[in-house]
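What follows is one structure encoded as C-alpha cells, with my remarks underneath.
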C-alpha cells in the first residue's frame with residue numbers, strides 16, 4: 001500500500017512539474033525554437049517581423065501540444081502555416097496601399 005501511495009505522489013509530482021498544453025517549460029519552448037533552425041533563411045525573410053513569427057510559432061505549439069516531443073513534423077508545419085498567413089495578409093495589404 002505504501003508503494004502505491006508513493007508511486008502515486010511521484011507521478012503527480014512529475015506531471016505537475018512538467019509541461020502541459022498552454023504552460024510549457026522554458027526547455028520545451030527552446031526545443032520549439034530550435035526546430036525552426038532548419039528554416040533560418042525563410043524566417044530571416046520576415047525581417048522586422050521575424051520575432052513575431054517565432055513568438056506565434058511557440059505560442060501555437062504550446063496551445064496544441066502537451067510538449068514539443070508530442071508534436072509531429074506535419075503538425076509543426078501546420079503551425080508554421082498558421083503563423084505565416086497573417087503575415088502574408090499584412091504584407092499584401094501594405095503592398096496594395098503602396099500601389100494606390
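Any read-out appearing in this document is the output of simple, stated calculations on the displayed coordinates, not a laboratory observation. Here the structure is a predicted model, which means the values were calculated and not measured. Cβ coordinates were reconstructed from backbone atoms using ideal geometry, including for glycine residues, and neighbour counts include every protein chain displayed.
Descriptive notes on the structure:
- The residues of segment 41-60 that are without any contact (Cβ under 8 Å) to a residue 24 or more places away in the chain and under 15 Å from residue 84 (Cβ atoms), listed by number, are 41, 42, 43, 44, 45, 47, 50, 51, 54, 55, 59, 60.
- Here residue 91 passes the criteria (1) within 17 Å of residue 31 (Cβ to Cβ); (2) touching a helix residue (DSSP H, G or I) at 6+ places or on another chain (Cβ under 9 Å) except the one numbered (1).
Residues checked against (1) farther than 12 Å from residue 36 by Cα; (2) over 11 Å from the mean Cα position of the chain (by Cα):
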site: 49; (1), (2): yes, yes
site: 58; (1), (2): no, no
site: 62; (1), (2): yes, no
site: 65; (1), (2): yes, no
site: 73; (1), (2): no, yes
site: 76; (1), (2): no, no
site: 79; (1), (2): no, no
site: 86; (1), (2): yes, yes
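- Entirely in segment 31-100, the helices (runs of 4 or more DSSP H) that have 2 or more residues that are under 20 Å from residue 21 (Cα atoms): 50-64, 73-99
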